[in-house]
Amino acid sequence: MTASASGAGTAGARRRVSAFFYRRRKLKLGLLLLPPMGWILVVYLAALGVLLLTSLWVQDELSGRILHTFTLDNFKQLWDDPTNRVITRNTVGMAIVVTITDAVLAFPLAYYMVRMASPKMRAVLFVGVLMPLWSSYLIKAYTWRLMTAYDGPINWAFGKIGLGPYHIAYSYTAMWLAFSYMWLPYMILPVYAALERVPGSFLEASSDLGGRAWITFRKVIWPLALPGIAAGSIFTFSLTLGDYVLPDLVGGNNHDFIGNVIFRFQGVAQNLPYAAAFACVPVAIVIVYLMVMKRLGAFEAL
């Protein structure tokens, strides 16, 4: 009897709470969004604020202590050193090349998955695309280090057809191959989503009006798939721009990229303000890149 009364009381309380939030939908929405928005504000935006604040401090050359005085000396030093401009140019260049490579590789595969593959084959290809994301990043990086070695599988395969060997170990070519492999799934998925939204009736209409394959691609498929490519490029570009593990493991620490130089300044040199100032460079580049991609409709395809 007591348990039955307690259960009825709990159910009544639930109904009253449900009715309370039903009449106050804005409050309900605010409470639902509070945890993720709080996470974004505290973890992401606050971290960016601390990064910017730290970049304005300086390190005392004699004691190594961080002086909490606001100055633009770190940014001036960054700008005056031509080595930093070369590092930034090489990093951005690699990010662009990797993005173009992944777009070229992703588009035909995504198109095949959407338009031609059977449901069973599509499921197999999805597993194949997602499977690299289920394995450790470091394992993949070390694997590419072995694959691009002088006596690795790539040179072995080239040697079998009389085209090798090539000295690609610890080179830009090795990093390009590794980066392109690492971020390819992040390009395939947005392109697939964009192509899936292209109505089949559009292709039939183009064909009925006499449009050949190239005209249909250029006038129908490409404009509708472009937001997906732009969305995928956000991942491939920004991930390449900020990576610091692959340049060390696959590049053999012979080529400086923004990521591993920042890591070196904050870890080895212990110059945290200068590292923070250098970290603002890729942040600024990504902000400009996002503005360009927004104009291409990338955010609608995410």
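The values are calculated or read from the model by the stated rules, or taken from the named source; none is laboratory data. In this text, all values refer to a predicted model and were calculated from it rather than measured experimentally. Surface areas here come from the heavy atoms of the whole protein model, side chains and all, with no ligands, DNA or RNA. Shrake-Rupley method; radii C 1.70, N 1.55, O 1.52, S 1.80 Å.
The calculated Kirkwood hydrodynamic radius for segment 185-237 is 11.5 Å, given to one decimal from all distinct C-alpha pairs. Computed with a 1.4 Å probe on the full set of protein chains, the accessible area for Leu32 sits at about 110 Å².
Helix screen, the chain: DSSP H segments with Cα axial length of 24 Å or more and mean Kyte-Doolittle hydropathy at least 1.6 are 272-295. Taking only C-alpha pairs under 8 Å that are 6+ residues apart, what is the relative contact order of segment 1-156 in percent? Reported as a whole number, the value is 6 percent.
Seen from every direction in turn and averaged, the convex hull around the alpha carbons of segment 217-281 projects onto 5.9 nm². Counting protein heavy atoms only, segment 218-302 has 67 percent of its accessible area on carbon and sulfur, 1.4 angstrom probe. If you bin all the Cα-Cα distances of segment 1-120 at 10 Å, starting from zero, the percentages per bin are 10, 14, 16, 18, 17, 14, 9, 2, 0.
When the alpha carbon gyration tensor of the chain is reduced to an equivalent ellipsoid, the three semi-axes, largest first, read 39, 36, 21 Å. For segment 48-92, the pair-distance distribution built from all alpha carbon pairs, in bins 5 Å wide starting at 0, is 5, 20, 20, 21, 20, 10, 3 percent. Accessible area per residue (1.4 Å probe, heavy atoms of protein chains only) ranks Arg85, Arg14, Arg115 as Arg14, Arg85, Arg115, with the largest value leading. For segment 148-210, the average shadow cast by the Cα convex hull is 7.4 nm², which is a quarter of the hull's surface.
Accessible surface of Glu204, taken over heavy atoms with a 1.4 Å probe and every protein chain present, rounds to 120 Å². Note on segment 140-261: the alpha carbon radius of gyration divided by the globular reference 2.2 N^0.38 Å gives 1.44. At a probe radius of 1.4 angstrom, the accessible area of segment 79-147 per residue rounds to 59 square angstrom.
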